[in-house]
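The values are calculated or read from the model by the stated rules, or taken from the named source; none is laboratory data. On a predicted model such as this, the values are computed, not experimentally measured, just so you know. FYI the Cβ positions are ideal-geometry reconstructions off the backbone, even for glycines, and counts take in every protein chain you see. When the accessible area is computed, the model is the full protein with side chains, heavy atoms only, and any ligands, DNA or RNA have been set aside. Shrake-Rupley method; radii C 1.70, N 1.55, O 1.52, S 1.80 Å.
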Amino acid sequence: MSAVYEPVRVGVVSISDRASTGVYEDKGLPALQDWLGRAIKNPITWVPRLIADERSLIADTLRALVDDEGCHLVLTTGGTGPAPRDVTPEATRDVADREMPGFGEQMRQISLRFVPTAILSRQTAVIRKQALILNLPGQPKSIAETLEGLRDAEGRNIVPGIFAAVPYCIDLLGGPYLETDDRVCEAFRPKSARRVVST
């Protein structure tokens with residue numbers, strides 16, 4: 001018999017003035033769904049949104065994904081740099097019950113392995129009600145790197161990605177028990193928090 005995993009609702013938000021108006025093809029939503037679809041074993045209900053860089057619109061979208069759509073996890077991509085239109089972190093804080101700064105700190109640590117301009121990124125994470133909201137970079141390659149972490153030539157993890165901590169965070173918020181594919185990302189939980197998934 002196959003294992004029975006709890007379903008999870010995941011909001012994915014790509015924030016881009018030009019992609020939202022059709023100037024170019026959005027690559028953020030496909031990148032988020034591709035990586036998460038490989039990493040999470042649970043059945044996922046996707047709630048996607050493609051929106052412009054407007055602070056009030058971003059905040060309203062995040063509120064709706066958590067309050068109305070019941071998402072347990074919301075990931076955004078785009079709008080986290082220093083440019084005047086980059087307002088995703090501000091909008092994310094507008095809807096926060098609590099901030100989780102460690103996620104942004106670790107994302108910058110990973111990205112600094114590749115580019116010195118990683119210090120210009122302002123990604124953060126917050127908790128709203130039962131949900132964790134994460135701001136991710138805008139480039140698909142950077143999305144995968146920050147979620148998955150860095151591996152050596154033998155495939156051993158040398159810098160943990162942020163997603164390793166996400167399932168336990170969702171546990172603590174009372175959400176579904178997320179199981180990950182260890183080949184993509186090995187979730188970390190204290191021994192006392194681990195469960196045996198029924199088959």
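Things worth noting here:
- Criterion violated by LYS41 - all others in (1) out of contact with any strand residue (DSSP E or B) (no Cβ under 7 Å at 6 or more places or on another chain); (2) surrounded by 13 or more Cβ atoms within 10 Å (Cβ to Cβ); (3) not acidic (Asp, Glu) satisfied: (1)
Yes/no per residue for (1) of a type in the set (S, T, N, Q); (2) closer than 17 Å to SER142 by Cα; (3) more than 14 Å from the chain's Cα centre (by Cα):
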residue	(1), (2), (3)
ARG55	no, no, yes
GLY70	no, no, yes
ALA83	no, no, yes
ALA91	no, no, yes
ARG98	no, no, yes
ARG113	no, yes, yes
LEU120	no, yes, yes
ILE127	no, no, no
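- The set of residues in the stretch 126-162 being surrounded by 19 or more Cβ atoms within 10 Å (Cβ to Cβ), basic (Lys, Arg) and not in a strand (DSSP E or B) is empty.
- Residue match in the stretch 12-29 (condition: polar (S, T, N, Q), open to solvent by 10 Å² or more (accessible area, probe 1.4 Å) and in a loop (DSSP other than H, G, I, E, B)): yes
- Meets criteria (small (Gly, Ala, Ser), surrounded by 18 or more Cβ atoms within 10 Å (Cβ to Cβ) and not in a helix (DSSP H, G or I)) for GLY70: no
- The stretch 165-199 - residue that is of a type outside the set (Ser, Thr, Tyr), loosely packed, with under 13 Cβ neighbours inside 10 Å and not in a loop (DSSP other than H, G, I, E, B) and, of those, modelled with the highest pLDDT: LEU172
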